[in-house]
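Right, one structure below, let's go through it.
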Amino acid sequence: MRYDLVIFDNDGVLVDSEPISNKLLAGYLTELGHPTSYEESLRDYMGAAMHRVHDLVEERTGQRLPDDFDDVFHARVFAAFERELKPVAGAVDVLERLVADGVPYCVASSGSHERIRVGHRTTGLDQWFEEEWVFSSEDVGRGKPAPDLFLYAAERMGVVPEKCVVVEDSPLGVRAAVAAGMDVYGFTAMTPAERLSGANQLFSDMRELPDLLV
């Protein structure tokens, strides 16, 4: 293994949450008078922290979202997760392989700690992640595409950036990893390959990942 740490994004990489959350986000923004399609939500917000939603809406319309926007949205998302959320196909296989090979890993997500934990508990992935292996943009203040979250995760895990590889499925995440000085492998299951063109490697099936890392 050429890397000392594998840093996973969460949404769309470990848990198959992007279709669920972006449909709900597009619907809620439209409900509030900001017409948004599912495709537009994926384009503008996939991989982003919640502050990006607030910032873009205000920039485009001059209007602020309601103070309880995040709470209402997350309540809808968590309820949907309980009904529908599954792990990304092949994610458990990858984690099993990393454990067998003794390769450290962690998750670094734009989502809140609560969102990560709800998703992991619902899908059974919680058994694969100790609390100290879970990092959120809440921990650093600035979400992707800033490199802060990935740098923070590497520091806490005790690995220098150049020995880390990030597994990402969003353009914002790829940009953040590159800015952090880390290699990044782009997962193209939901994102067109050309949008992840800054990645060192591209792959479409999570089961391919272990062989790409050696």
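Restricting region 191-214 to residues that are touching a helix residue (DSSP H, G or I) at 6+ places or on another chain (Cβ under 6 Å) and touching a residue at least 60 places away in the same chain (Cβ under 8 Å) leaves a set whose member that is nearest to Arg43 (Cα to Cα) is Met206.
Within region 148-160, can one find any residue that is in the same structural domain as Gly102 (by TED's automatic domain parsing), within 21 Å of Glu18 (Cα to Cα) and either of a type in the set (Gly, Ala, Ser) or surrounded by 14 or more Cβ atoms within 10 Å (Cβ to Cβ) (or both)? Within region 148-160, one or more residues are in the same structural domain as Gly102 (by TED's automatic domain parsing), within 21 Å of Glu18 (Cα to Cα) and either of a type in the set (Gly, Ala, Ser) or surrounded by 14 or more Cβ atoms within 10 Å (Cβ to Cβ) (or both). Picking from residues in region 4-46 that are aliphatic (A, V, I, L, M), out of contact with any Asp or Glu (no Cβ under 8 Å at 6 or more places or on another chain) and assigned to a loop (DSSP other than H, G, I, E, B), the one that is surrounded by the fewest Cβ atoms within 10 Å (Cβ to Cβ) is Leu32. Can you find even one residue in region 116-132 that is buried (at least 19 other Cβ atoms within 10 Å of the Cβ) and over 21 Å from His74 (Cβ atoms)? Yes - at least one qualifying residue is present in region 116-132. Here is the figure for region 70-98: residues that are in contact (Cβ under 8 Å) with a residue 24 or more places away in the chain and either in a helix (DSSP H, G or I) or β-branched (Val, Ile, Thr) (or both) total 18.
Looking at region 175-214, which of its residues are under 22 Å from Val160 (Cβ atoms) and among the hydroxyl-bearing types (Ser, Thr, Tyr)? Tyr185, the sole residue that qualifies. Restricted to strands (runs of 3 or more DSSP E) entirely inside region 108-209, those with at least 2 residues that are under 15 Å from the mean Cα position of the chain (by Cα) are 134-136, 164-168, 183-187.
The values are calculated or read from the model by the stated rules, or taken from the named source; none is laboratory data. For clarity, every value in this text was computed on a predicted model and none was experimentally measured. Note: ideal-geometry Cβ built from the backbone for every residue, glycine included; neighbour counts use all protein chains shown.
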